[in-house]
1. Does any residue of region 135-156 turn out to be more than 23 Å from T37 (Cα to Cα) and in a loop (DSSP other than H, G, I, E, B)?
2. Could you give every pair whose Cβ atoms fall below 6 Å, whose first residue belongs to region 212-240 and is part of a strand (DSSP E or B) and small (G, A, S), and whose second residue is modelled with pLDDT under 95 and surrounded by 21 or more Cβ atoms within 10 Å (Cβ to Cβ), counting only separations of at least 6 or pairs across chains?
3. Kindly indicate the residue of region 225-254 that is surrounded by fewer than 18 Cβ atoms within 10 Å (Cβ to Cβ) and touching a helix residue (DSSP H, G or I) at 6+ places or on another chain (Cβ under 8 Å) and also nearest to L292 (Cα to Cα) among those meeting that condition.
4. Residues L119, L79, L84: which one is out of contact with any Phe, Trp or Tyr (no Cβ under 6 Å at 6 or more places or on another chain), in contact (Cβ under 8 Å) with a residue 12 or more places away in the chain and surrounded by 24 or more Cβ atoms within 10 Å (Cβ to Cβ)?
5. Regarding K314, is this residue in contact with a helix residue (DSSP H, G or I) (Cβ under 7 Å, 6 or more places away or on another chain), closer than 16 Å to D207 by Cβ and in the same structural domain as A253 (by TED's automatic domain parsing)?
6. Has region 162-185 got at least one residue that is part of a helix (DSSP H, G or I), touching a residue at least 40 places away in the same chain (Cβ under 8 Å) and not hydrophobic (A, V, I, L, M, F, W, C)?
7. Name every residue in region 45-75 that is acidic (D, E) and either within 15 Å of K259 (Cα to Cα) or in a loop (DSSP other than H, G, I, E, B) (or both), in order of residue number.
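The values are calculated or read from the model by the stated rules, or taken from the named source; none is laboratory data. Since we're looking at a predicted model, the values are computed, not measured. Quick reminder, even Gly has a Cβ in these numbers, built from the backbone with ideal geometry, and neighbours come from all protein chains shown.
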Amino acid sequence: MDRRKGRWGVLLLAAMLAGGATGSAHGQAPDKVRFGTNWVPEAEHGGFYQAAVDGTYARYGLDVTIVPGGPNTNNRLQLAVGKLDFIISGNSIATIEAVDQNVPTIAVASVFQKDPQVLLAHPDQGIQTFEDLKKLTLFISSEGMAGFYRWMMKDFGFTEQQVKPYTFNPQPFLADKRSAMQGYVTSEPYAVETVGKISPRIFLLADHGFSSYSTHIETRRELVEKKPDVVQRFVDASIIGWYNYIYGDRSKADALIRKENPEMPQALLDHSVAKMKEYGIVDSGDTLTLGLGALTPERMKDFYDKMVSAGVVKAGLDVGKAYTTRFANKKVGLELRPR
């Protein structure tokens, strides 16, 4: 995109007339921003790619470079040392643990109102309720065992004895009908349906009390203090991008995702967006009144208390240091939701 000073003035004026962008107070060139995701390009990052490809970031006075994550990439470390300006954080556990570890990062918005973590069961085994999963062998990753599964043991009585290691391969689950496996609602159901030719029973942990946010937008405290205008514009533009990706024409964003991740099929992108809508991953609860990206002290405290009770995080932390509501909850983009 052309981000030279001459065009920037036109873009700024157009954005102001559109009633959204704040832009640079001095009509200067766009602020350069490096934004790191938490995995290779996928639909779970779609709103950010949408804002990049449809000119939303440019209209908000930003020149955004999206830096993909991956199995050998630590974008959280890159943020802490100043090589990135913003990142996607997973769920709220990492955001809270940053307080305990004195890492100078802070959440400024939450794109996913529901953590997409699910457990999948075979459809023909009489598994109707979340409690029924206690009858099965569960394939859970080591990260899951240290996080959400401790909550499941504490609040529902699941046991370590029923767990086998999950290696992000659906074959052991498909071979054992008396099992369930972890996954994201946006991806693993698609894999099971495609490879196993079955439609699994889906249990979204968020719908059973796992109150974590997910896909936090995080930045450094230094940026919040010294460049709050940049933070606000990045949050606002990203929110607009997500409204347009979920509810508008996302074809160009999907094309960019597939260009940067050639192994990504369009069918999976379509599945992911459909599941985000069906389960209210992006737009539900507080976002209906506060707009996408909503982040509230009540939700953060509720989740923190649950994780303390389950022994996942330390008691006595000042969880308020993990986030700020200064930039979210401003009803940005509410008019873009279909009536």
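1. Yes, because at least one residue in region 135-156 is more than 23 Å from T37 (Cα to Cα) and in a loop (DSSP other than H, G, I, E, B).
2. Sorted first by the residue in region 212-240, then by its partner, the pairs are S214/N91.
3. Among residues in region 225-254 that are surrounded by fewer than 18 Cβ atoms within 10 Å (Cβ to Cβ) and touching a helix residue (DSSP H, G or I) at 6+ places or on another chain (Cβ under 8 Å), the one nearest to L292 (Cα to Cα) is Y247.
4. Matching residue, one of L119, L79, L84: L79.
5. no
6. For region 162-185, residues part of a helix (DSSP H, G or I), touching a residue at least 40 places away in the same chain (Cβ under 8 Å) and not hydrophobic (A, V, I, L, M, F, W, C): absent.
7. D54
Listed here are the residues, each with its yes/no results for (1) under 24 Å from I66 (Cα atoms); (2) touching a residue at least 24 places away in the same chain (Cβ under 8 Å); (3) not in a helix (DSSP H, G or I).
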residue: K259; (1), (2), (3): yes, no, no
residue: M264; (1), (2), (3): yes, yes, yes
residue: A267; (1), (2), (3): yes, yes, no
residue: S272; (1), (2), (3): yes, yes, no
residue: D283; (1), (2), (3): yes, yes, yes
residue: T289; (1), (2), (3): no, yes, no
residue: L292; (1), (2), (3): yes, yes, yes
